[in-house]
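This report refers to the structure that appears directly beneath it.
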């Protein structure tokens, strides 16, 4: 069981990141918002330990369109996330998705064998 303070810390972190991702989404133009709508967001260290903003696209097509719009995506990232050093546009190939189900629980849980991504340094582009 989590202590009350660690539970409060987790709730605060979830609230903070939720608001940060909402601000990022809302600061993008409408065409980018359409692309970002089905995406998942997260901040985590990369394999090399570099703080990274991850955008996980629902399809390869959306990931490619986001990569083509990277200059427009980096502007709000640089403005809103000064401690985050790079952005990754990612996609999970369907064959890497493994479904786990239990007989008692009909909900689906997914794990991934690998994820494909392209990394971009968070440098202000004018």
Review point. Do we find that residue 45 is without any contact (Cβ under 8 Å) to a residue 12 or more places away in the chain and loosely packed, with under 13 Cβ neighbours inside 10 Å in this structure?
Key: yes
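Determine, yes or no, whether residue 125 is surrounded by 10 or more Cβ atoms within 10 Å (Cβ to Cβ), modelled with pLDDT of 85 or more and assigned to a loop (DSSP other than H, G, I, E, B). Steps first, answer last, please.
Values: surrounded by 10 or more Cβ atoms within 10 Å (Cβ to Cβ): yes; modelled with pLDDT of 85 or more: no; assigned to a loop (DSSP other than H, G, I, E, B): yes.
No, not satisfied.
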Revision key, fill the gap. Selection over the stretch 29-42 where residues are within 15 Å of the chain's Cα centre (by Cα) and either under 16 Å from residue 114 (Cα atoms) or in contact (Cβ under 8 Å) with a residue 12 or more places away in the chain (or both) yields a count of 8
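How many of the residues in the stretch 9-28 are surrounded by 10 or more Cβ atoms within 10 Å (Cβ to Cβ), modelled with pLDDT of 90 or more, out of contact with any helix residue (DSSP H, G or I) (no Cβ under 7 Å at 6 or more places or on another chain) and farther than 16 Å from residue 54 by Cα?
Of the stretch 9-28, the ones surrounded by 10 or more Cβ atoms within 10 Å (Cβ to Cβ) are 9-25, 27-28.
Imposing the further condition that a residue be modelled with pLDDT of 90 or more reduces the set to 19-25, 27-28.
After this cut, where a residue has to be out of contact with any helix residue (DSSP H, G or I) (no Cβ under 7 Å at 6 or more places or on another chain) as well, the list is 19, 21-22.
With the extra rule that they be farther than 16 Å from residue 54 by Cα, the set shrinks to none.
Number satisfying all stated conditions: 0.
Select from the stretch 48-74 the residues that are touching a helix residue (DSSP H, G or I) at 6+ places or on another chain (Cβ under 8 Å), surrounded by 15 or more Cβ atoms within 10 Å (Cβ to Cβ) and within 25 Å of residue 19 (Cβ to Cβ) and list them in ascending order. Talk me through it step by step, then tell me what you get.
First, pick out the residues of the stretch 48-74 that are touching a helix residue (DSSP H, G or I) at 6+ places or on another chain (Cβ under 8 Å): 53, 55, 57, 62, 65-66, 69, 72-73.
Right, trim to surrounded by 15 or more Cβ atoms within 10 Å (Cβ to Cβ) and you get 53, 55, 57, 62, 65-66, 69, 73.
53, 55, 57, 62, 66, 69, 73 - these are the residues of the stretch 48-74 that are touching a helix residue (DSSP H, G or I) at 6+ places or on another chain (Cβ under 8 Å), surrounded by 15 or more Cβ atoms within 10 Å (Cβ to Cβ) and within 25 Å of residue 19 (Cβ to Cβ).
The values are calculated or read from the model by the stated rules, or taken from the named source; none is laboratory data. All figures in this text were calculated on a predicted structure; none of them were measured in a lab. Neighbour counts are summed over all protein chains in view; Cβ atoms, including those assigned to glycine, are modelled from backbone coordinates with ideal geometry.
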